[in-house]
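Participant: Dropping the structure in here first, questions after.
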Amino acid sequence: MSRRAQGARLRMEVEDAFEKPGRTNASVPTWTVVARIFACSCTLPTRTSSFELLPMVPITALVHTHNDVLRIGRCLETLHPCDEIVIVDHGSDDGTVRVAREYGARIVDAAQVGDLQVGDLKIARSGREEWILCLDPSESLTESLAASLFEWKSEAAAGSASVYSVFLREETAEGWVENPVAQTRMVPANWNQWKGRFPQNEGSAQALEGELLRFLLP
């Protein structure tokens, strides 16, 4: 069975687990999903080779913050597929930076950088191909999006699109609303087309499976 077929079967099993009657997201811990997907990125041992891990493309999460102490933990808690978290903080005085550091984030003071450019964050390292996943502090990855990112990381070395988009589901006073247009959110570290704090929407972007959740409160 091909790696892509294995990944597709795994995603179906994970989705089936969440859809069983009486089963909630809380009853299937994130680490269980992660472990199973991580296992699919390994080659099976043979008589002539040891258990070998295939290379995975690094992803850095990029989040801009300002007094987001009540929401930043919820955001960072879901970033399991990301190898590094970079927080660009714009003068928070409510403990946002402290919470971000507890999650191992690297903090960049926007005031000291001045006219911040993504290239100034030194995300690209050692000549490796690296990617940036951009989020708002009020957003979180769904389980299905995290699964898609883990699968993508294990397959991206064999070829990938130039840019990726994700669908957004937003909480409003009337309930959850799905945005029918995917937003460009994951780009190479050398990407230079930005609109504010997010990449400029690219019509050719390939949509990843899963969604970003944007919470109304806190």
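The values are calculated or read from the model by the stated rules, or taken from the named source; none is laboratory data. Being a predicted model, the structure only gives us computed values, none of them experimental. Heads up, the Cβs are rebuilt from the backbone with ideal geometry, glycines too, and the neighbour counts pull from every protein chain shown.
Participant: What number goes with the only condition from (1) of a type in the set (D, E, K, R); (2) surrounded by fewer than 14 Cβ atoms within 10 Å (Cβ to Cβ); (3) closer than 18 Å to ALA61 by Cβ that GLU174 does not pass?
Facilitator: GLU174 satisfies every listed condition except (3).
Participant: Continuing with the same structure: Looking at GLY104, GLY114, which is the one that is at pLDDT 95 or above, on the phi > 0 side of the Ramachandran plot and either of a type outside the set (Lys, Arg) or buried (at least 16 other Cβ atoms within 10 Å of the Cβ) (or both)?
Facilitator: Among GLY104, GLY114, only GLY104 is at pLDDT 95 or above, on the phi > 0 side of the Ramachandran plot and either of a type outside the set (Lys, Arg) or buried (at least 16 other Cβ atoms within 10 Å of the Cβ) (or both).
Participant: Considering only the stretch 193-206, state which residues are more than 27 Å from VAL69 (Cβ to Cβ), surrounded by fewer than 16 Cβ atoms within 10 Å (Cβ to Cβ) and either of a type in the set (Asp, Glu) or touching a residue at least 12 places away in the same chain (Cβ under 8 Å) (or both).
Facilitator: Matches in the stretch 193-206: GLN200, ASN201, SER204, GLN206.
Participant: Quick one: which residue in ASP68, ASP109 is at pLDDT below 95 and acidic (Asp, Glu)?
Facilitator: Matching residue, one of ASP68, ASP109: ASP109.
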